[in-house]
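Some notes on the structure that comes next.
No lab work stands behind these numbers, since they all come straight from the coordinates. What you see is a predicted model, and the numbers here were worked out from it, not measured in a lab. Neighbour counts are summed over all protein chains in view; Cβ atoms, including those assigned to glycine, are modelled from backbone coordinates with ideal geometry.
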Amino acid sequence: MNELKEKLKSIPQKPGVYIFRDNNRKIIYIGKALVLKNRVSSYFRQKAKDPKTKELISRIANLEFLVVNSEFEALLLEARLIKQHQPKYNISQKDSKSYLYIVIGKEPPNRVFTARWTELNQDLLDWFGPFPSSADAKRILRSVRRIIPFRSCKTLRKSPCLYSQLDLCPAVCLQTTDYEKNIKRLRKLLSGKANSLSSLIKSFEKEMKSAAKALDFEKAQAFKNQADSLKRLTEGWRRVPQERKDFAKTKSKLRKLLVKYQGSDPITLNKIEGYDVSNLGKEIIVGSMVAFVEGEPDSSLYRKFNLKYNQLSQDDPLGIKNILKRRLNHPEWLYPQLILVDGGKTQVSAAFAALKEKSLVGKISLLGIAKQEEVIIIPKLKAEKIVSWKTLRLSRRHPELQLLQAIRDESHRFAQKYYQALHKMRIKG
């Protein structure tokens, strides 16, 4: 017991994985922590515990810990070690068949998805887990997919889907060039092995230099973005608790603005949708809808709208109104608490008209953000009418403004991307 107490003193306040062993040196439990010292110490500090945890603690004779650079790496290492050692209390504390796994199908182009133990079969190239937290497994895939795109559809489509337009799938329905390399990198990243992350970063940086040397600067930039994203991934996950705390404050401040200036109280702001119109050409006008859930973009909820050019005659406000009308015809897409429009009073007024037609004034809050001046446009409402306006100028350091700018920029990016895709199709046609 004295040896165990000494070990507890030596545990660092860093991310990592901890391993409990019994008197026979057998591994009985494996866990991960963002702060190892706090998590491991909590087992021996608390008085009231459930029976299973009490039994586990009574059998702990020794412990080990492995320090990593981030929570992301800790999650992958925990899953690999549980898979390797099958500790008794990892299995007994929860039905192991309900654990979630990240799996890669065997048949090219390889599909990547999540599955339960009972769903695993022989048609798999590889599988990773178990992940005691299903939310963690899904979160890992969402984060990794932005860096190393992969196919997730059950049936291979005949044409590119939304995921390919969001750069989350390399459109393997059309071509599979370099996709095998993506899968190899994905397997390496998900393996949880030591230095796999740093090795991948070096690999992207090496390809970046080769592309730059060959004067292919566009490709070089893409490799640089992948390397930088991997670095940010580990750094970002290390700060997750603080980020969540900061977002809660941002939500609260944004809500107070709506209460003070608009006279509406959304109570919570879990979901915010952003809208933009793109009509750079003479024959195409499109619109976009993006959704941020708990401050993070959720690309599965994005929508795009192809508007009739002749009808709208490059009228952005009318485009905004039509987009909102079409969106609000889909209550199965859960309504947001706040709608953000890219534009000033004219665009916000058009969005307000769409809300009014659906009797949603006061039920969904509405804001605009004007370009260049970067001011927040707030319509003041009374009896379901806009009676005046508040133009709010915040410092660029304000997190409320930064969040709204992020949503506005993402809606603009998504609209531009859709416009460019249609423009290319029109040229080829």
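What to note about this one:
- Computed about its Cα centre, the charge dipole of the chain is approximately 680 debye, with only Lys, Arg, Asp and Glu carrying charge at their Cβ.
- Net length available on complete extension from E119 to K54 is 20.2 nm, with 0.36 nm assigned per residue and the Cα-Cα distance removed.
- Violating pairs (Cα-Cα greater than 18 angstrom) within the set K249/K345; K371/K424; K325/K358; K251/K271: K249/K345; K371/K424
- Charge sum, other residues only, whose C-beta stays under 12 Å from A222's C-beta, Lys/Arg counted +1 and Asp/Glu -1: -4
- Taking Lys and Arg as +1 and Asp and Glu as -1, the other residues whose beta-carbon sits under 12 Å from that of R21 total +2.
- Shown for the chain are the DSSP H helices of 27 Å or more along their axis, judged by Cα atoms, with a mean Kyte-Doolittle hydropathy of at least -1.0: 399-428.
- Per residue convex hull volume, Cα atoms of the stretch 315-390, in Å³: 83
- Alpha-carbon Rg/Rh ratio, for the stretch 95-191, with Rh computed the Kirkwood way: 0.96
- Relative contact order of the chain, defined on C-alpha pairs under 8 angstrom at six or more residues apart (%): 10
- Residue of P331, P317, P108 that the Gaussian network model of the chain assigns the largest fluctuation, springs spanning Cα pairs under 10 Å: P331
- Cut-off 12 Å between beta-carbons: net charge of the residues surrounding D265, Lys and Arg +1, Asp and Glu -1: +4
- Residues M289, M208, sorted so that the one with the fewest Cβ neighbours within 10 Å comes first: M208, M289
- Annotation: Cα Rg of the stretch 1-86 relative to the compact-globule expectation 2.2 N^0.38 Å equals 1.04.
- Highest mobility in the GNM of the chain, judged by mean-square fluctuation with C-alpha springs under 10 Å and restricted to Y419, Y101, Y43, is found for Y43.
- Leading residue at positive end of dipole, the stretch 195-238 (Cβ point charges), from N195, F223, A212: N195
- Estimated dipole of the stretch 2-93 in Debye, rounded to 20 [Cβ of Lys and Arg +1, of Asp and Glu -1, Cα centre]: 240
- Working note: 222 nm ellipticity from helices only, DSSP H runs with n ≥ 4, each -39,500 (n - 2.57), summed and divided by the residues of the chain, gives -14500 deg cm²/dmol to the nearest 500.
- Over 17 Å [Cα-Cα, the stretch 195-238], rounded percent: 31
- The residues K181, K345, K321, K5, when put in order of fewest to most other Cβ atoms within 10 Å, stand as K5, K181, K345, K321.
- The GNM of the chain, with springs linking C-alpha atoms under 10 angstrom apart, assigns the highest mean-square fluctuation among L141, L392, L366 to L392.
- Where N is the number of residues in the chain, Cα Rg divided by 2.2 N^0.38 Å: 1.15
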